[in-house]
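Novice: Before I ask anything, let me first share the structure, which is written out below as structure tokens.
The values are calculated or read from the model by the stated rules, or taken from the named source; none is laboratory data. Being a predicted model, the structure only gives us computed values, none of them experimental. Cβ placement follows ideal geometry from the backbone for every residue including glycine, while neighbour counts extend to all protein chains displayed. We work out accessible area using only protein heavy atoms, side chains counted, and drop any ligands, DNA or RNA first. Shrake-Rupley method; radii C 1.70, N 1.55, O 1.52, S 1.80 Å.
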Amino acid sequence: MTSSNTAASATRSDDERSVRRIIGIPERDGLPDSDMLSWARRHYEESKHILTYEAGVLRWTAAADGLNMALIDNSVVFLAFSGGRVRS
């Protein structure tokens, strides 16, 4: 697995763990960011065989930065990560 599949590597087929991920593809003037779209396509090809991993891809049209979030309890962990440009 490559580094783009780190979240997917948290799952194994021999247990009940699973990962569901939401990936937002930023848009500018109605066109998707080509680098992010290419990464999402590669990520799909690298992870489509992992039955306990699901990555949904959505358009990110908000005029806001992405977000990072984690919700953790005794039976569920929810993690959301974002990467953004460094502001100057």
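Novice: Pick from region 5-46 the residues that are more than 27 Å from ALA64 (Cβ to Cβ) and modelled with pLDDT of 75 or more: which of them is most open to solvent (accessible area, probe 1.4 Å)?
Specialist: GLU45
Novice: Looking at this structure, is GLY66 closer than 27 Å to ARG17 by Cβ, assigned to a loop (DSSP other than H, G, I, E, B), modelled with pLDDT under 85 and under 11 Å from the mean Cα position of the chain (by Cα)?
Specialist: In short, no.
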